[in-house]
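Worksheet: one structure, shown below.
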Amino acid sequence: MISTTNRWTLASAAVLMQVCLGIIYAWSVFRGPLEQHYGWSKTESIAPYRWSILFFTLAMIAAGFWQDKKGPRLVGSVGGLLLGAGCLLAVFIGGTPMGLNISYGVVAGLGVGFAYVTPIATCVKWFPDKRGFVVGLAVMGFGIGSLLFAPLLEALLGKDPAQYAVTIPRTFLILSAIFFVFVTGCAQMFKIPPPGWKPDGWTPPVTDPGVRTDFTTAQMLRTWQFWVLWLVYFLGSSIGLTAIGESAPLVKELAGGAAVMTGGVALGVMSLFNGVGRLAWGAASDKVGKQKVVYAMFTLSALTCSLLLPATTDFWRVLLGICVVGFCYGGYLALMPSLAAEYYGSKYIGANYGLLFTAWGAAGFTIPRYIATILEEKKKAGAVAAGYDQMFYTLASLAVAGLVVNYFLRKPAAVAR
């Protein structure tokens, strides 16, 4: 069937929307000003990040089912409105931990979740011939979002603690306007392809007409392969999300005066590698296979966190290490939607990937807090470097566990009609 829609225009809108949603990765830039201005602890300053990840994930589940029924445009628009509203609410109640947890963590987190699923589900359906590449391209925007937002946030917040009472709420106000315009605007571009549509020159794989290759959510949850895939996603996300959440404080506290760039700029550089990793690993998976790529990502993360990052205060070594971790982490965000579509079909991809994405949310809600608690205790004891070393070795152990779990990753058998 012929469609007049240019699928690359949809992909471009998907990238732009994901860049905006990538604000969630720039949270560590806020942590220093919040701790200085309000006297918050590390555990309190990481909390909005954790809550935003949790509600991002919860929204993904609901949005996946909703967009499968109502289409991506409505769901994406609601996401943009919620994200803008959460940042606007932070202007008024963000001066307390609870207020910021509700405004940025809950409301804005819900907005990111509703918006995030729509470009991925849309691109998977428009690009059955290039799933790994196009999902990597779309989520690359999410990964590089902090490349734009981290320096912007540093500029808006400023370096004068005496001005934080003005600059912190003003920064949330500006972010609110950006999201109202760009996220809701991009959502208007999304739609699903007509029934029977396929790219020119592409022949779908031959399947047995007697079996069903599109699994419903209930059928997917009954396969053991889903839970192995979930655990792979959890372990890979734990490493990346923890490194991202601690990257700006890490550069400031570990490299100290030897740092040649601010924590926000370093986070931006890391986000560039995060974004490029999504595209690179996604494209590689189309050629060599997704399981082999997952092996490579866990191996590189384990080596970096066990050998390169511990026992050093050298700025360039620290920067290289977090960039490698970010590069590997980006691959999981590209591969998992593709694996979900490959294993369970694209018909119910919104709902199915929404449930798989709970692995990402569980990782982001639990592991960064655990690490922040360790760092807080070590900081009080005057052993900041030892705290970061413990963090790196913990992340390395998660990567090793991921290598073991990935061995059992298998595509489920199709179900009889």
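Filtered by the rule that a residue be of a type in the set (Phe, Trp, Tyr) and either under 22 Å from residue 82 (Cα atoms) or part of a helix (DSSP H, G or I) (or both), segment 114-165 gives 114, 116, 126, 133, 142, 149, 164.
For segment 278-285, the criterion of being more than 21 Å from residue 409 (Cβ to Cβ), part of a helix (DSSP H, G or I) and of a type outside the set (Val, Ile, Thr) is satisfied by at least one residue. Out of curiosity, is residue 19 within 23 Å of residue 322 (Cβ to Cβ) and either crowded, with 24+ Cβ neighbours inside 10 Å or out of contact with any His (no Cβ under 8 Å at 6 or more places or on another chain) (or both)? Yes.
Apart from one condition, residue 382 fits all of (1) within 30 Å of residue 65 (Cα to Cα); (2) part of a loop (DSSP other than H, G, I, E, B); the exception is (1). The residue list 315, 365 contains one member that is at pLDDT below 85 and surrounded by fewer than 24 Cβ atoms within 10 Å (Cβ to Cβ), which is 315. Out of all the residues in segment 135-155, is one or more more than 22 Å from residue 241 (Cα to Cα) and either buried (at least 23 other Cβ atoms within 10 Å of the Cβ) or in contact (Cβ under 8 Å) with a residue 60 or more places away in the chain (or both)? No: zero hits. Does residue 52 meet the test of being within 26 Å of residue 376 (Cα to Cα), in contact (Cβ under 8 Å) with a residue 24 or more places away in the chain and either buried (at least 24 other Cβ atoms within 10 Å of the Cβ) or touching a Ser or Thr at 6+ places or on another chain (Cβ under 8 Å) (or both)? Spelling it out, residue 52 is indeed within 26 Å of residue 376 (Cα to Cα), in contact (Cβ under 8 Å) with a residue 24 or more places away in the chain and either buried (at least 24 other Cβ atoms within 10 Å of the Cβ) or touching a Ser or Thr at 6+ places or on another chain (Cβ under 8 Å) (or both). Can you confirm whether residue 409 is buried (at least 22 other Cβ atoms within 10 Å of the Cβ), modelled with pLDDT of 90 or more and out of contact with any Gly (no Cβ under 6 Å at 6 or more places or on another chain)? The answer is no for residue 409. Checking each residue in segment 89-134 for being surrounded by fewer than 21 Cβ atoms within 10 Å (Cβ to Cβ) and of a type in the set (Gly, Ala, Ser) picks out 95, 99. State all residues of segment 365-397 that are of a type in the set (A, V, I, L, M, F, W, C) and more than 22 Å from residue 51 (Cα to Cα); if no residue qualifies, say none. Of everything in segment 365-397, those that are of a type in the set (A, V, I, L, M, F, W, C) and more than 22 Å from residue 51 (Cα to Cα) turn out to be 381, 383, 384, 385, 386, 392, 396. Of the candidates 226, 215, the single residue that is surrounded by 12 or more Cβ atoms within 10 Å (Cβ to Cβ), in contact with a helix residue (DSSP H, G or I) (Cβ under 6 Å, 6 or more places away or on another chain), modelled with pLDDT of 80 or more and in a helix (DSSP H, G or I) is 226. No other residue among 245, 240, 263 is at pLDDT below 90 and surrounded by 24 or more Cβ atoms within 10 Å (Cβ to Cβ) apart from 245. Residues in segment 166-205 that are assigned to a helix (DSSP H, G or I) and of a type in the set (Lys, Arg): 170 only. Filtering 110, 89 for residues that are of a type outside the set (Asp, Glu), closer than 21 Å to residue 157 by Cβ and either assigned to a helix (DSSP H, G or I) or touching a residue at least 40 places away in the same chain (Cβ under 8 Å) (or both) leaves a single hit, 89. Exactly one residue out of 289, 321 is surrounded by fewer than 17 Cβ atoms within 10 Å (Cβ to Cβ) and either under 24 Å from residue 138 (Cβ atoms) or not aliphatic (A, V, I, L, M) (or both): that is 289. Note on segment 41-74: among residues that are of a type in the set (Val, Ile, Thr) and under 19 Å from the mean Cα position of the chain (by Cα), the one that is modelled with the lowest pLDDT is 61. Scanning segment 175-184 for residues that are loosely packed, with under 14 Cβ neighbours inside 10 Å and in contact with a helix residue (DSSP H, G or I) (Cβ under 8 Å, 6 or more places away or on another chain) yields one hit, 177. Just a yes or no: is a residue in segment 75-87 farther than 25 Å from residue 188 by Cα, in contact with a Ser or Thr (Cβ under 7 Å, 6 or more places away or on another chain), small (Gly, Ala, Ser) and at pLDDT below 95? Checked against the condition, which is being farther than 25 Å from residue 188 by Cα, in contact with a Ser or Thr (Cβ under 7 Å, 6 or more places away or on another chain), small (Gly, Ala, Ser) and at pLDDT below 95, segment 75-87 yields no hits at all. Any residue in segment 388-395 that is hydrophobic (A, V, I, L, M, F, W, C), part of a helix (DSSP H, G or I) and closer than 24 Å to residue 64 by Cβ? Within segment 388-395 (the criterion being hydrophobic (A, V, I, L, M, F, W, C), part of a helix (DSSP H, G or I) and closer than 24 Å to residue 64 by Cβ), the answer is no, since none of the residues qualifies. Within segment 185-197, is even one residue among the aromatic types (Phe, Trp, Tyr), more than 27 Å from residue 59 (Cα to Cα) and surrounded by fewer than 22 Cβ atoms within 10 Å (Cβ to Cβ)? Yes; the residues of segment 185-197 include at least one that is among the aromatic types (Phe, Trp, Tyr), more than 27 Å from residue 59 (Cα to Cα) and surrounded by fewer than 22 Cβ atoms within 10 Å (Cβ to Cβ).
The values are calculated or read from the model by the stated rules, or taken from the named source; none is laboratory data. From a predicted model like this one, the values you see are computed outputs, not experimental measurements. Cβ atoms come from the backbone with ideal geometry, glycine included; neighbour counts cover every protein chain shown.
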